[in-house]
1. Given 20 °C and 1.002 mPa s, compute D for the protein assembly as shown with the Stokes-Einstein relation, Rh being the Kirkwood radius over Cα pairs; round to the nearest whole µm²/s.
2. For a quick protection proxy, order the peptides B:172-180, A:166-174, A:238-246 by their average other-Cβ count within 10 Å, most packed first.
3. Can you pick out the pairs among A:8/A:67; A:226/A:344; A:8/A:42; A:209/A:243 whose Cα atoms lie more than 18 Å from each other?
4. Using alpha carbon centroids, what distance separates the stretch A:274-290 and the stretch A:42-106, in Å?
5. Where Rh denotes the Kirkwood radius from the mean inverse Cα pair distance, what is Rg over Rh for chain B?
6. Of the residues B:162, B:94, B:84, which exhibits the maximal mean-square fluctuation in a Gaussian network model of chain B defined by a 10 Å Cα contact cut-off?
7. Could you work out how far the C-alpha centroid of the stretch B:129-205 sits from that of the stretch A:141-197, in angstrom?
8. Just checking the output field for A:75-83: average partner chain Cβ neighbours within 10 Å of each residue's Cβ?
Amino acid sequence: MSLDVNIKKQYPGFALDVSFKTGSKRIGILGASGCGKSITLKSIAGIEKPDSGRISFENSVWFDKEKGVNIKAARRNVGYLFQNYALFPNMTVKENIEAALHVAGKDKNRAGSSAEIIERYALSDIKDHMPDELSGGQQQRTAFARLMARDPGMILLDEPFSAMDTFLREGMRLELIRMLDEYDKTVIMVSHDRDEIYQMCDYLILMDKGRVIAKGDTDELFSHPKTTEAARLTGCKNISRIKRMSDHRIKALDWQGIELLTDETVTEDITHAGVRAHDIVPGDEGVNVFSAGRAQISRLPFEWYVTLENGLWWKRGRELYDTGDESIVPEYLSIPPEKIILMKNAGS
Amino acid sequence: MDFFPLYNSLRIAGISTLIVVITGIAAAWYIVRLPRIIKGILDCVFTLPLVLPPTVVGYLLLRLLGPRRPVGAWFMSAFGIKLTMTWWSAVFSTAVVIFPLMYRTARGTFEAFDITLKQAGETLGLSGPYIFFKVTLPYCKSGMIAGCVLAFARALGEYGATTMIAGYTPGRTATISTTVYQLWRTNNDGLAAKWVIINLAISAVVLLIINLMEGRSGRIGTVRSSGKNES
């Protein structure tokens, strides 16, 4: 019961080389745009053909270059939610769903009649509308209903919320989570938004420039990224080169050379340390205390971004410090030793 | 009034349009899949008749199809058929002149086709023919028809290449455009004006059809955006 992907594809100026294997049912692929995550998803769906490698899911081999296997997309039975939803523009909502049922009827794999599906996904009011008359949210719901009509063995979500504005995104995210709750098979989501991925996925693959730079349990990757690239992708704002002083002591070269105690053992191969912007605490108690110095403050609606004199970024909810007086930034701050992330510099 | 020129013009335009609809769509379908450099070169060749003066096209065709030229001479000796100075000689010249119109419209339509629609069909398990007839063709249909009507309209007006390769023989090769010139040249202004009015009427109808097509295709032509924001 697992998905095993190991593929390569060469493009002019870009090489895709991805491999991962997981039994998780909620898989996320996180990376900047152009990192190859969409091609990976399309290769799994069978609408993009890798140059070499192998893809297998559960007990069936979908692609195997050496053995000349390449199962057609139509026979992999995956539900693919396209970034632009790809609703057939010449068909109404109802006809779009019936188009999917048209084949499903033959392979006895359908999830119900079109009336049932329209009812289940609350599309009754818009069933006779053309796709271009629908809002982004309605289009997505229609596309989701259409792919579910075939009772897919796996669902692939390609940047499902990127075409929506922020206001709408949160609502649609909750709606999609709710719809996916009833689905107990594998879901893979591709996104450049770490919040989306964190919310929806147990297993995470981090990609950069066509390669997998880290993979594993989502919580683990967010709390202990092993490389600077992984740390950046998971949103770690503060990363510094270090000099190892002892097993639990480092000198942070990019933060005015402050010396810090760490919980984790500093091995010889550690080159960088990081701390998340919200993990820095005010006050002069404990260890790893440093002076804030001359700080610069960016005032956002609900939080402060404070750039401390030594270069560290500190993030705080504004209600805690918006007391009106000038001393918004405390004189001393500290970094709890357990919050220091130790990592290797991989490449860049 | 002898209506032969009208009949002749319509049959030449009709047959040459039929030819370019098939060849133009096939060429466009083929070319959008080619690598960029080859695509660029072929695109130039296919579009050339659009920018060349029709007399240049006529000259080149005569060099090829004339009785003492390679293709023309071979046809003469093999079948005893003369390729120039007959009514269907004008089909060659007209087809070449209007080919770019059909080809370019068809190419634009294929290039605008949203490939994710085809991919969506595939992941939904739809068959190739189903996707082609129910999704791709309806999406491209109005563009194709517009190209076809435009090519036909241009075919009716063809003069330069046609007059060189088919000449003007009343009752045999005369078309509306060559007749108008001939009548004006011989000071038969009244009759020339009648043909001008007929020509204007046909062209107006054709353009009206194009506009109606475009108005209707607007509905399904704008689907690539992700839609309005939810209210």
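1. 73
2. Packing order, densest peptide first, comes out as B:172-180, A:238-246, A:166-174.
3. As for pairs spanning more than 18 Å Cα to Cα, those are A:209/A:243.
4. 50
5. Rg divided by Rh gives 1.07.
6. For chain B, modelled as a Gaussian network with Cα springs under 10 Å, the answer is B:84.
7. 53
8. Across A:75-83, the average partner-chain Cβ count within 10 Å equals 3.
Read-outs: derived from the displayed coordinates by stated rules, not from any lab. This structure is a prediction, so every number in the text was calculated from the model and none was measured. Positions of Cβ are generated from backbone atoms using ideal geometry, with glycine treated the same way; all protein chains shown enter the neighbour counts.
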